[in-house]
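First the structure, in the form of structure tokens, and then the observations on it.
The values are calculated or read from the model by the stated rules, or taken from the named source; none is laboratory data. Please read these numbers as outputs of a predicted model, since none were measured by experiment. All Cβ positions, even for glycine, are placed from backbone atoms using ideal geometry, and neighbour counts span all protein chains on display.
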Amino acid sequence: MITITRSVHIADAEVEMHAVRAQGAGGQNVNKVNSAIHLRFDVHASSLPEHLKERLLARQDNRLTDDGTFVLKAQRFRTQEQNRIDAIERLQAWLAGATRTQKKRKPTRVPKGARRRRKEAKKKQSQTKALRKKVDF
């Protein structure tokens with residue numbers, strides 16, 4: 001079981017992981033060893049609550065395909081096991097991000113004192129500039 005929050009869990013069978021060859025530098029070893037992990041998680045077929053699925057699918061994320069599959073490649077570490085743990089942690093973080101609801105913004109008013117100080121500052125600036133003008137006789 002992969003735990004997202006105290007009440008939300010997904011089964012290990014819902015996450016599909018395959019070992020693939022990693023990209024980048026690494027010498028001869030990188031061409032022989034499948035150390036990177038390719039993780040796939042189908043949001044539609046998962047056991048997540050419906051409201052959570054809708055939030056996940058509404059996100060603008062490049063890792064989410066058009067058919068609702070979350071695809072992730074973990075190749076940060078040299079060993080397959082470390083990359084497997086990293087992929088699961090990144091999946092948990094992605095899912096946990098959808099569980100948090102953003103607090104509704106409460107609009108605030110500008111205080112009367114701030115408005116008064118602003119008008120006084122404008123008046124003072126206007127008087128200063130007026131004194132710079134040419135004097136007519």
### First in the stretch 43-65 and under 20 Å from MET1 (Cβ atoms), second anywhere and assigned to a loop (DSSP other than H, G, I, E, B) and polar (S, T, N, Q), Cβ under 8 Å, 6 or more apart
LYS53/SER46
#### Entry: Residue check, SER7 surrounded by 15 or more Cβ atoms within 10 Å (Cβ to Cβ), among the hydroxyl-bearing types (Ser, Thr, Tyr) and free of Cβ contacts under 8 Å to residues at least 40 places away in the same chain
no
### Task
Find the residue count for the stretch 84-115, including only residues that are surrounded by 10 or more Cβ atoms within 10 Å (Cβ to Cβ) and under 18 Å from ARG55 (Cβ atoms).
10
## Note on the structure
Among (1) under 14 Å from ALA93 (Cα atoms); (2) surrounded by fewer than 12 Cβ atoms within 10 Å (Cβ to Cβ), LYS32 falls short only on (1)
### Task
Test GLU50 against the stated conditions and say whether it is under 20 Å from MET17 (Cα atoms) and charged (D, E, K, R).
no
#### Entry: Some residue of the stretch 89-98 being of a type in the set (Asp, Glu) and touching a residue at least 12 places away in the same chain (Cβ under 8 Å)
no
### Query
Can you tell which of SER46, SER7 is closer than 24 Å to ASN83 by Cβ and among the hydroxyl-bearing types (Ser, Thr, Tyr)?
SER46
### Task
Working only within the stretch 1-18, note down all residues that are in a strand (DSSP E or B), touching a Ser or Thr at 6+ places or on another chain (Cβ under 7 Å) and among the hydrophobic types (A, V, I, L, M, F, W, C).
ILE10
### Task
Considering each residue of the stretch 72-83, count those that are surrounded by fewer than 14 Cβ atoms within 10 Å (Cβ to Cβ) and modelled with pLDDT of 85 or more, and give that number.
2
